[in-house]
1. With a 1.4 Å probe and all protein chains left in place, how much of the accessible area of the stretch 67-208 comes from carbon and sulfur atoms, in whole percent?
2. By a straight-distance test (C-alpha under 29 Å), which lysines pair with Lys219 as possible cross-link partners, with residues fewer than eight away in the same chain excluded?
3. Hey, can you find the accessible area per residue of the stretch 48-126 for me, probe 1.4 Å, expressed in square angstrom?
4. Which value results for Rg/Rh of the stretch 259-365 when Rg is the Cα radius of gyration and Rh the Kirkwood radius based on the inverse mean 1/r?
5. Among Thr379, Thr151, Thr130, which one shows the biggest mean-square fluctuation in a GNM of the chain, springs joining Cα atoms closer than 10 Å?
6. GNM, the chain, Cα, under 10 Å: largest mean-square fluctuation among Leu174, Leu371, Leu248?
7. Using packing as a proxy for protection, rank 434-440, 280-286, 140-146 so that the peptide with the highest average count of other Cβ atoms within 10 Å comes first.
8. Given R₀ = 51 Å, what would the calculated FRET efficiency be for Ile192 paired with Asp45, taking r from the Cβ atoms and rounding to 0.05?
Amino acid sequence: MIAILLLVLSVLLIILLTVRLKVHPFLALLAAAIFFALFSGMSLDDIVKFVNDGFGVTLGKIGIVIVLGVIIGAFLEHSGGAYKLAEVVLKVIGKKRVHEAMGIVGFIVSIPVFADSGFIILNPLNKSLTKRAGLSIVGTATALILGLMITHVLVPPTPGPIAAAGIIGADVGLVMLVGLVIGILSLILAIIYCKKMGSKHFIDPNPEVTDEVIQEKMKEAPSAFKSFLPILIPILLIVGKSIMEFNLPEGQEATGLIAFISFIGSPIIALIIGMLFAFLLPKKWDNEMLATSGWVGKALADASNIILITGAGGIFGTILQNSGIADVLADALSGANLGIWLPFLLCAAIKTAQGSSTVALITTASIVAPLLLTMGFSTEIDKALVVAAIGAGAMVVSHANDSGFWILTQFSGIDVKTGYRVYTLGTLVVGTFAALCVYIASFIF
């Protein structure tokens with residue numbers, strides 16, 4: 001109980017420092033992490049270790065991806081390619097359907113692509129679409145990340161759902177089918193929610209860029225096809241890697257062409273290739289673009305803030321993961337007779353406590369697996385629904401200890417307070433709705 005109280009106080013401390021006192025989020029997250037660690041009784045040596053591990057491991061996974069994504073975004077923006085993309089997409093979908101477009105794109109992309117990477121890749125397109133349509137970045141960016149999150153937690157071959165299916169012993173194909181149906185219903189609600197929130201909270205996606213500037217850039221912009229390549233190529237490579245590895249027999253090592261596709265399909269290599277395609281966008285090449293004072297230098301200066309904050313979020317999450325708070329919540333809930341709601345609530349509690357959806361999915365599946373027969377879940381559809389319930393819980397709720405929260409807010413220019421009001425609440429609303437869909441399906445099947 002003390003650990004849960006400390007978690008609540010830590011989150012309140014982050015909000016107080018960032019919103020009220022205007023402290024930089026890096027310092028706020030670091031302070032909250034150390035506050036929780038000290039008062040939860042961690043040894044001083046462990047605190048130092050977890051601070052180093054949390055920062056290093058998090059940035060080891062996502063740091064270079066952030067840098068490469070920012071460089072691609074800079075070339076798309078400065079060359080005019082992003083606005084050419086926006087013009088083409090808006091002609092197809094209409095100016096009033098940007099939320100739908102970003103939600104659906106996110107939903108599809110995150111099946112094979114990690115949600116954070118997907119957001120970074122698609123962020124330039126989203127910003128340019130939002131700017132051209134005169135909409136708030138709050139609604140469209142949240143639609144994109146919720147679309148990404150829905151399939152990230154519900155649909156294999158994303159690592160979390162496929163691991164949970166393996167632990168539960170569920171049929172992966174059935175889990176995929178159930179996840180897609182529940183996911184599509186959840187996406188519809190997410191888009192409605194994001195449109196509503198976008199109308200309440202207006203933030204310009206690029207306030208320094210006026211219509212005159214856009215029109216000027218459009219004159220020198222590359223073709224739409226060329227502009228799509230830096231975004232499309234990395235996605236196709238990552239998808240190809242996922243398909244190859246998914247069909248590889250268990251225990252068999254990748255060799256030859258499969259090994260090569262796995263290499264170029266890893267997010268870092270895929271984005272390096274995407275960056276090289278981005279270098280083809282300017283009509284007139286100037287080496288100054290790659291200099292400290294050029295497009296790359298300015299992009300990396302912008303990325304430094306995002307990297308620091310993401311790393312600090314990793315520190316907070318790692319300290320929470322090693323504090324034992326997930327075990328406390330698991331013990332408190334595992335004895336309750338809640339039916340299909342038990343895996344959802346258990347996973348939601350663990351996700352909220354330590355930040356990682358994948359960790360929450362795997363931990364909850366490991367706890368629930370031995371209880372399946374006792375809970376009355378014995379058929380294949382029962383097991384698939386349990387995995388879906390766990391996945392729904394893995395959305396609830398995203399806040400300061402989740403790297404996705406900081407990637408959304410920092411890449412989109414959304415302040416922390418609005419991030420909590422819109423995205424954190426959105427993960428609660430959409431995740432709970434997904435669980436309700438699973439509950440209704442459990443009666444039908």
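1. 68
2. Leaving aside lysines fewer than 8 places away in the same chain, those within reach of Lys219 are Lys84, Lys91, Lys95, Lys96, Lys127, Lys131, Lys283, Lys284, Lys298.
3. On a per-residue basis, 35 Å².
4. Details: Rg = 21.7 Å, Rh = 17.8 Å.
Result for the stretch 259-365 is an Rg/Rh of 1.22.
5. With Cα springs under 10 Å in the chain, the top fluctuation among Thr379, Thr151, Thr130 is at Thr379.
6. Leu248
7. So the peptides 434-440, 280-286, 140-146, ranked by packing, come out 140-146, 434-440, 280-286.
8. Plugging the Cβ-Cβ distance into 1/(1 + (r/R0)^6) gives 0.55.
The values are calculated or read from the model by the stated rules, or taken from the named source; none is laboratory data. A quick note: this is a predicted structure, and the numbers were derived from the prediction, not measured. Counting neighbours? That spans all protein chains shown, and the Cβs are built from the backbone with ideal geometry, glycine included. Heads up: the accessible areas ignore ligands, DNA and RNA and are worked out on the full protein's heavy atoms, side chains in. Shrake-Rupley method; radii C 1.70, N 1.55, O 1.52, S 1.80 Å.
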